[in-house]
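Below: the structure, in structure tokens.
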Amino acid sequence: MTVIKTFCKNQQFKRTLAEYRENLYRIAYSWCHNPALADDLVQETLAKALKNSSQLRDLATMKAWLYRILSNCWRDHFRRSRETVDIDDIVLVDGDTPDLRNDRQQIIHRVRNAIARLPNGQRQVITLVDLEGCSYIEVAQILDVPIGTVMSRLSRARKALKELLLQAELPRDRKVHQLRSV
């Protein structure tokens, strides 16, 4: 008698599963907006429901049970399809540290101050050539001076800038030298 009872219960279970198929598809499609994926999720849900039918104690709770299985299948899909990143490909340390940024800002500040101390003609030429990347001919046209004047001003400006920057470094170097001699 128990075999017939089990067989009848199993047939009723399969019919009820078939009735929920459309609802499961509708829910799965509303979650993923992909017909093929929704169908796969429903198939996986139904396969798991058939396999684990013994876990369902009351057919009245079947709807909630099936939606729970569908939800788990949806979550499993994300776990399987999640892109993984190899830890070796991740740069854990950025080369641009606060110390480097601060040093860079100090250098920029020193260069700007040194350029500001140059005579106007030299300042114009060095900023146009070295900072803006203009050619000598372009600078000569911009400043309305001969190209030879551009070249001589640039040479003097670079030499003066180098001296000004070295002077700015000297106090720091003297401190280091004094510390070493102690």
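What to note about this one:
- Residue count for the range 20-37 under the criterion of being surrounded by 12 or more Cβ atoms within 10 Å (Cβ to Cβ), farther than 20 Å from Met62 by Cβ and among the aliphatic types (A, V, I, L, M): the result is 1.
- Residues of the range 131-147 satisfying the condition of being under 42 Å from the mean Cα position of the chain (by Cα) and either at pLDDT 90 or above or outside any helix (DSSP H, G or I) (or both): Glu132, Gly133, Cys134, Ser135, Tyr136, Glu138, Val139
- The number of residues in the range 113-130 being out of contact with any Lys or Arg (no Cβ under 9 Å at 6 or more places or on another chain) and either loosely packed, with under 14 Cβ neighbours inside 10 Å or on the phi > 0 side of the Ramachandran plot (or both) comes to 2.
- Test: residue in the range 54-62 that is among the charged types (D, E, K, R), closer than 13 Å to Phe13 by Cα and either touching a Ser or Thr at 6+ places or on another chain (Cβ under 6 Å) or in a helix (DSSP H, G or I) (or both): no
- Candidates Leu56, Leu70, Leu118, Leu128: the one that is within 23 Å of Ala18 (Cβ to Cβ) and at pLDDT 90 or above is Leu70.
- Count - residues of the range 41-80 that are among the acidic types (Asp, Glu), without any contact (Cβ under 8 Å) to a residue 24 or more places away in the chain and surrounded by 15 or more Cβ atoms within 10 Å (Cβ to Cβ): 0
- Selection count where residues are under 21 Å from Val111 (Cα atoms) and in contact with a Phe, Trp or Tyr (Cβ under 8 Å, 6 or more places away or on another chain), scope the range 121-153: 3
The values are calculated or read from the model by the stated rules, or taken from the named source; none is laboratory data. These figures come from a predicted structure and were not determined experimentally. Cβ atoms come from the backbone with ideal geometry, glycine included; neighbour counts cover every protein chain shown.
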